[in-house]
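Structure first, then comments.
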Amino acid sequence: MLDYAWIVALLPALSFVVVLLVGRRLPRHGSEVGIAAVGASLVLTCVVAAQWIDRVETAHGAGVRPVVHSLTWWRNGGIRIGVGTQIDGLAVVLMFVVTVVSLLVQVYSTAYMHGDRRYTYYFAALSLFTASMLLLVMADNTLELMVGWELVGLCSFMLIGHWWEEHANTDAALKAFLTTRTGDVGLMIGVVITFFAAGRTFDIVHINQAALRGGNHALWLAGASCLLVAIIGKSGQFPLHTWLPDAMAGPTPVSALIHAATMVVAGVYLGARLYGVFWTGFSIHAGGVNAMALVGGITIVVGAVLAFVQDDIKKVLAYSTISQLGYMVMGLGVGAWTAAVFHLFTHAFFKALLFLGAGSVAHSGSHHSFDMKRDMGGLRRYMPVTFWTFVVASAALAGLPPFAGFFSKDELLATAGHSGYTTFLYVGLLGAFLTAAYMTRCVYLTFFGDFRGHGEPHESPPAITVPLVVLAVLSVLAGWLYATVAHVEKFQQWFEPRVAFPAGVVHPPFEWSEGVLAVAAVAIGFAVAYLYYWRDAGPHGATARDGFARRAHTFLVEKLYLDDLYTGLVVGTIKGPVARATSWVDDHVIDGAVNAVAGGARAAARFTYEVLDQRVVDGTVNGLAEASDETGGLLRSVQSGRLQWYAAVLFLAVAILSLALVVFN
Amino acid sequence: MQLNQFLILSAFLFCTGVYGVLARRNGVLVLMSIELMLNAVNINLVAFSAFHHSVSGQVFALFVITIAAAEVGVGLAIVLLIYRNLRTPDLDRVDRLKG
């Protein structure tokens, strides 16, 4: 079966075609085809996994090469471009995650999406998504990987905009698509750089081997940096994370499948797949600090802090996803390959469970609203199954033993500490503290207190609760594949590559001091949130009384003003009116800075503020704005949006170039 | 028959096509003009193939025809959608990237 793994990806692809063509005429409108196909894929994946594990076990630690099967697609100038499958531990893990979560999400969707007007189309898109993701994880060369990468981006666009009648949803879909495209530019350049750096090959094993041999370090650094941009775009890392919370406009099962468990981990997967490139490019073995770990570390904290001020339960989970993806990227950055991939594996189960739980609440408890403060509360009495599974998932996410998240996060932090990245060990502990606190807040607002919504909340139907229970069981058990505390290291033994893999990756043994520290961080986070919400202790109403607290809160609610930065500054400048950017700087940066300073001595500052800002700053800015308005107007005529104008420019350019060719030849 | 005669015919056809692409506003006519340009290229390919006694030019021409058929299929679908959404095939009206 290892040689025929392509069948696993082919089945959902066929299901996509079948559902699209005849889905409407089937008794269950196509859902049965999608579920059957992905179910079969799951069974085959289990066979593949069993055979791979068997292969590793019989090899007794000797170098097990990945099983590569490749056809030549075409040849060009002596360069072979192939399509094929590369089955190794990483591919097996990802295949398992994708098929399990996809199957459960599709079963769940039969109830959640019941009666939707584009029910058939929805299942077709889910099938296509599963097929593309499987193509991505099984790819044996970077070009094929890129095809899968773009396909999952497309499916994400289709599914976020599933209810496109509402304008906000199409906007969110476009935003997700265009933001991830920004990162994809990095992927394209990175693929080209690694192609040349590895000596003209797209082959992943060869690229990793070439990278680990070293050579031109600047070239590998450039390649790794471009690929890191791709990871930042796809995996919602700071500062391109803004699309992920907006992507919650899609149906909830889609959020669980795409924006928690699978598509967003494509970036992390890329990092793990081309690990040799990053290892050499960023000199990960050297310790201290590097770009990859830094991006991950910042993302952990930013995501976790922003999760505190969200009222929408799905957005809390979205920011938590961002934060957890930060852990994985940081893990790769500090040399904890195995722990990062293991965290990807466990996170997929409990995050999918959290999203499906939130969907269950909205479906049966709060009349399709996701607002925790207005429409939820006290639901634990009405929805016991949803409540308990949600609590299990929250505990796993927070990293409470013996749930899955504890083992993966602890291993990740321990490796960071042992590889000379002590700073990031503390960033990770801070993240664990924040995670525990915001998840406690989320559970409190949703399930405790009095019911604030209207209607009769009740438990969801079995099609929803059964996937929840299955995922809850996985969230508990998955951690025991790699529990260093009990000396279980199956995950490392089975799935860590032996070929084309940096020899410097360490696997520290479990240390009680670190484990206790991690659990203590979680316990403090939980205790703080418990005191604040259940016991009413702490600074309640601080945002109403204290100016500084209010501004800090607004700063967070406005998502650090990053969205305004992107739409206002970047997009606005490119579209022409530089003037809008200048006035934006005035509104947000200068006013914001002035406000923050004024927080200390506001009464004294008010007079200065009005004179300074209104007269001097506005005067300068208006003058600047007028000047830039005129330059903007000049530049705008080039970007007219008129097709034929572009065609004429293009034709003229070609004419001049060919003329030059004739003349100079 | 001389090679020049074919080349002049194809240059004339190509220029007609370029004029059509740049000047016509109707999407269907732009697509037809693109076809003209492609066929001008085909004439070149076939003419050279005949004068050089090599079959590869004709094979290329066949490829071009196939691709052109696919291209016009996609193009017409786009024009049809533009017409359905904007009630006009005028390409000047399609100047915004908006969902």
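With in contact with a Leu (Cβ under 9 Å, 6 or more places away or on another chain) and of a type in the set (Ser, Thr, Tyr) as the only criterion, which of A:201, A:170, A:179 stands out?
Step by step, each of A:201, A:170, A:179 is checked, and only A:179 is in contact with a Leu (Cβ under 9 Å, 6 or more places away or on another chain) and of a type in the set (Ser, Thr, Tyr).
Would it be correct to say that residue A:623 is loosely packed, with under 11 Cβ neighbours inside 10 Å, farther than 16 Å from residue B:21 by Cα and either modelled with pLDDT of 80 or more or more than 10 Å from every other protein chain (Cβ to nearest Cβ) (or both)?
no
Among the residues that make up the range A:229-236, is at least one of them within 25 Å of residue A:315 (Cβ to Cβ), assigned to a loop (DSSP other than H, G, I, E, B), away from every other protein chain (no Cβ under 14 Å) and modelled with pLDDT of 85 or more?
yes
For the range A:35-88, give me the residue count where each residue is assigned to a helix (DSSP H, G or I), within 28 Å of the chain's Cα centre (by Cα) and closer than 26 Å to residue A:17 by Cα.
Result for the range A:35-88: 13.
Within the range A:152-179, which residues are closer than 16 Å to residue A:257 by Cβ and part of a helix (DSSP H, G or I)?
Passing the criteria: A:152, A:153, A:154, A:155, A:156, A:157, A:158, A:159, A:160, A:173, A:176.
Starting from residues that are of a type outside the set (A, V, I, L, M, F, W, C) and crowded, with 21+ Cβ neighbours inside 10 Å, keep the ones in the range A:209-241 and report whichever is farthest from the chain's Cα centre (by Cα).
A:223
All but one of (1) away from chain A (no Cβ under 14 Å); (2) part of a helix (DSSP H, G or I) hold for residue B:54; which doesn't?
Unmet for residue B:54, out of (1) away from chain A (no Cβ under 14 Å); (2) part of a helix (DSSP H, G or I): (2).
Against the condition surrounded by 18 or more Cβ atoms within 10 Å (Cβ to Cβ), within 30 Å of residue A:253 (Cβ to Cβ) and more than 10 Å from every other protein chain (Cβ to nearest Cβ), how does residue A:180 come out, does it pass?
yes
Could you tell me which of the residues B:91, B:81 is hydrophobic (A, V, I, L, M, F, W, C) and either within 13 Å of another protein chain (Cβ to nearest Cβ) or surrounded by 12 or more Cβ atoms within 10 Å (Cβ to Cβ) (or both)?
B:91
If residue A:201 satisfies all but one of (1) within 14 Å of another protein chain (Cβ to nearest Cβ); (2) of a type in the set (S, T, N, Q); (3) not in a helix (DSSP H, G or I), what's the number of the condition it fails?
That leaves (1) as the condition not met.
Could you list, in sequence order, the residues of the range B:57-76 that are away from chain A (no Cβ under 14 Å) and within 14 Å of residue B:30 (Cα to Cα)?
B:68, B:71, B:72, B:73, B:74, B:76
Show the residue pairs meeting these rules: Cβ distance below 6 Å; 6+ apart or different chains; first residue within the range B:1-27 and within 11 Å of chain A (Cβ to nearest Cβ); second residue assigned to a helix (DSSP H, G or I) and of a type in the set (D, E, K, R).
Pairs found: B:25/B:92.
Check whether at least one residue in the range A:124-142 is aromatic (Phe, Trp, Tyr), at pLDDT 90 or above and either within 30 Å of residue A:198 (Cα to Cα) or part of a helix (DSSP H, G or I) (or both), and report yes or no.
Yes.
Would you confirm, using the coordinates I've provided, whether residue A:249 is closer than 30 Å to residue A:311 by Cα, modelled with pLDDT under 85 and aliphatic (A, V, I, L, M)?
So residue A:249 fits the description; yes.
The values are calculated or read from the model by the stated rules, or taken from the named source; none is laboratory data. Given the structure is predicted, the values throughout are model-derived calculations rather than measurements. Here the Cβ is made from the backbone with ideal geometry for all residues, glycine too, and neighbour counts use every protein chain on show.
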